[in-house]
Amino acid sequence: MNKYLKELIDVSLLDKEIDLMEPKIEQIKRELNLKLYHKETKNLDIANLQEQKEALRLQMQKSNESLHTQGARLEEISKKMSEVKTEKELKALNIEEELAREQITYQNSEINRLEAQIASVDEKIQAIQEEIVKIDADIVEIEKDVASALEEIRKEQEVISKKKAVIVEKMDQKIVLFYEKIRKWAKNTSVVPVYKQACGGCFIRISDRVYSEVLKGDDIITCPHCGRILYIQED
Ligand SMILES: [Zn+2]
């Protein structure tokens, strides 16, 4: 086989190996991303609960204000009572007093109800915060694993890149440029074997003339249909 073609095949295989490490890196980061996403959803849960709590707090504030108003009203009524002149006036004041007391009873029970609800929301928030602490601890562990796994892959990549650099340095630079140009669009299928007289990249059958040239292996032959570099796989 032509020396240049042999080098091209070697370089393309090394490029493929380097590229295949990217999905490996993604896979390693996947678990970490899942945990981070999990934490994010927990934080959203807390934000929602805090909104609920704020709404309850506002309701409570209104109830307290109402209590105040009714208290002031009672005081006023008792003052008026001491100055009452007719039976009719007394009756009207009694009704007013009763209404104020009803309101006070109602607002007090509202305040109790709201306090219990706020306490339950607080409990939920605390439980989620405890979960987040656990998730954070997991994240620290996973981050350590990810860092060491990535370090391994980086080392592997370096070894392969060096191997490639050694070959590329000795190669005819015109051929290297030609290969890089094809690689821009064909990626890891820039240099492909011929199977059953068809291009291993576009799978279209090549003519007997081109096929015999590829079989000879004297030259760098490209697929007439797609332009990928062709070779015969020897096993
Ligand atoms: Zn082709």
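Looking only at residues that are surrounded by 15 or more Cβ atoms within 10 Å (Cβ to Cβ) and of a type in the set (Val, Ile, Thr) in the stretch 201-218, which one is nearest to the ligand (Cβ to nearest atom)?
Among those that are surrounded by 15 or more Cβ atoms within 10 Å (Cβ to Cβ) and of a type in the set (Val, Ile, Thr), it is Ile206.
Anything in the stretch 93-108 that is surrounded by fewer than 16 Cβ atoms within 10 Å (Cβ to Cβ) and farther than 15 Å from Ile77 by Cα? List them, or say none.
Answer for the stretch 93-108, where residues must be surrounded by fewer than 16 Cβ atoms within 10 Å (Cβ to Cβ) and farther than 15 Å from Ile77 by Cα: Thr105, Tyr106, Asn108.
When residues of the stretch 184-193 are filtered for being part of a helix (DSSP H, G or I) and surrounded by 17 or more Cβ atoms within 10 Å (Cβ to Cβ), how many remain?
Of all residues in the stretch 184-193, those part of a helix (DSSP H, G or I) come to 184-189.
Add one more test, that the residue is surrounded by 17 or more Cβ atoms within 10 Å (Cβ to Cβ), and what stays is 186, 189.
So the count comes out to 2.
Yes/no per residue for (1) over 30 Å from Gln157 (Cβ atoms); (2) surrounded by 14 or more Cβ atoms within 10 Å (Cβ to Cβ); (3) in the same structural domain as Thr105 (by TED's automatic domain parsing); (4) out of contact with any Cys (no Cβ under 8 Å at 6 or more places or on another chain):
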| position | (1), (2), (3), (4) |
| --- | --- |
| Tyr37 | no, no, yes, yes |
| Ile46 | yes, yes, yes, yes |
| Lys80 | yes, yes, yes, yes |
| Lys91 | yes, no, yes, yes |
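Mind telling me which of the residues Lys155, Lys170, Lys162 ends up being farther than 30 Å from Thr41 by Cβ, of a type outside the set (Phe, Trp, Tyr) and touching a helix residue (DSSP H, G or I) at 6+ places or on another chain (Cβ under 9 Å)?
Exactly one of Lys155, Lys170, Lys162 is farther than 30 Å from Thr41 by Cβ, of a type outside the set (Phe, Trp, Tyr) and touching a helix residue (DSSP H, G or I) at 6+ places or on another chain (Cβ under 9 Å), namely Lys170.
Go through (1) within 15 Å of the ligand (Cβ to nearest atom); (2) more than 42 Å from the chain's Cα centre (by Cα); (3) free of Cβ contacts under 8 Å to residues at least 12 places away in the same chain; (4) over 19 Å from Leu13 (Cα atoms) one by one and return the number of the condition Ile221 breaks.
Condition not satisfied by Ile221: (4).
Give me the residue from the stretch 188-199 that is more than 8 Å from the ligand (Cβ to nearest atom) and within 40 Å of the chain's Cα centre (by Cα) and, out of that set, nearest to Leu20 (Cα to Cα).
Asn188
The values are calculated or read from the model by the stated rules, or taken from the named source; none is laboratory data. Predicted model only: the values in this text are computed from it and were never measured. Quick reminder, even Gly has a Cβ in these numbers, built from the backbone with ideal geometry, and neighbours come from all protein chains shown.
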